[in-house]
1. Compute the acute angle (0 to 90°) between the alpha-carbon long axis of helix 235-265 and the principal axis of greatest extent of the alpha-carbon atoms of the chain; round to the nearest 10°.
2. Provide, in order from the shortest bin, the percent of all Cα-Cα pairs of region 87-245 in each 10 Å bin, continuing until the bin that contains the maximum pair distance.
3. With θ set to phi - 60°, apply the Karplus curve 6.51 cos²θ - 1.76 cosθ + 1.60 along region 151-163 and write out the HN-Hα couplings as whole Hz, x wherever there is a Gly or Pro.
4. Could you tell me the relative contact order of the chain? Use alpha-carbon pairs under 8 Å, at least six residues apart, and round to a whole percent.
5. Enter the Cα centre distance for the pair region 92-157 and region 180-235, rounded to the nearest angstrom.
6. Please state the charge dipole magnitude for the chain, taken about the Cα centre, from unit charges on C-beta atoms (+1 on K and R, -1 on D and E), reported in debye and rounded to the nearest 20.
7. Treat every Asp and Glu Cβ in region 1-149 as -1 and every Lys and Arg Cβ as +1, leave all other atoms uncharged, and give the resulting dipole magnitude about the Cα centre to the nearest 20 debye.
8. Taking loop as defined by DSSP and a crowding limit of 14 other beta carbons within 10 Å, which trypsin sites (Lys or Arg not before Pro) in region 107-178 fit?
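The values are calculated or read from the model by the stated rules, or taken from the named source; none is laboratory data. These figures come from a predicted structure and were not determined experimentally. Quick reminder, even Gly has a Cβ in these numbers, built from the backbone with ideal geometry, and neighbours come from all protein chains shown. Just so you know, the surface numbers come from the protein's heavy atoms only, side chains and all, with ligands and any DNA or RNA stripped out. Shrake-Rupley method; radii C 1.70, N 1.55, O 1.52, S 1.80 Å.
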Amino acid sequence: MTTQGNGSTRVSDFLLNCFVRSPSWQLWLSLPLSLLFLLAIVGNTILLITIRVEVSLHQPMYYLLSLLSLLDMVICLTVIPKVLAIFWFDLTSISFFACFLQMYIMNCFHAMESCTFMVMAYNRYVAICHPLRYPSVITDQFVVKAAIFILARNALLTVSIPILSARLHYCGGNVIENCICANMSVSRLSCDDVTINRLLQFAGSWTLLGSDLILIFLSYTLILRAVLRLKAEGAVAKALSTCGSHFILILFFSTILLVFVLTHVAKKKVSPDVPVLLNVLHNVIPAALNPIVYGVRTQEIKQGIQRLLKKGW
């Protein structure tokens, strides 16, 4: 906190107070959270190196998977080390700039992740519903254009959230009842009207994430319809297995998001610490599952990882 010339106070940093009503959660959560973080970073690093060194994995589908892994790692590195520093060393202070930078990265990269899932669903749709056109539609050039679209759309459409929050007048307390600098957790400390911030957060989330989920659902509906028409023996199982890994990751990503939204809607019936916990887990669980799901279910990646580990030994 700093004092201005007119006697009023201006916030220069914030204090992150994670679990106000359940402080003991920090103790039992620190170990599994650190293990999930380690798994996410090591697993995604191995996955990226495997795709990089294995020539057989130099395909559009695996390039998109690489982008997803990079996004997961950035989100984890932005959020989890600070949370663990709070748990282990009680380092609750975060600067004004760092707080809003973290807010922007979380909003931006989660939207990028959702958009990447949508492009991956389109990739599966073309592969199964239009297999003859797949080589001409899903090319390396398509992946480059898709990556530019993912980065540009979400970087531009989410930047207004931290900017508006940073421009608010923080004249009172500086204790954020959260482990991270979530938009509304920070904005409610302001003395100004935050209605626009709430509306922007709601509209932005449902416009970006909602439209992606609708297109993903549409893609898989068309895939399922096409698969059920296949009459060749084993064709249905083979077609669905190619979508399995992707669908599992989308399911985890969407489920955590849905539970988080529902706990906010029913906040009078659940502890306020539950949404805080879900907010933290949403930044690490999908990232930790990504390399496991693809490493176990995708034969080419599994074999590539095995060869990479043998070379390492």
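1. 10
2. Going out from 0 Å in 10 Å bins, region 87-245 shows 9, 29, 24, 18, 13, 6, 1 percent.
3. Once rounded to whole Hz, the list reads 5, 5, 4, 7, 5, 7, 7, 9, 5, 5, 5, x, 5.
4. 30
5. Between the Cα centres of region 92-157 and region 180-235 lies a distance of 13 Å.
6. Magnitude of the dipole: close to 760 debye.
7. Magnitude of the dipole: close to 220 debye.
8. Within region 107-178, the qualifying trypsin sites (Lys or Arg not before Pro) (loop, at most 14 other Cβ atoms within 10 Å) are R133, R167.
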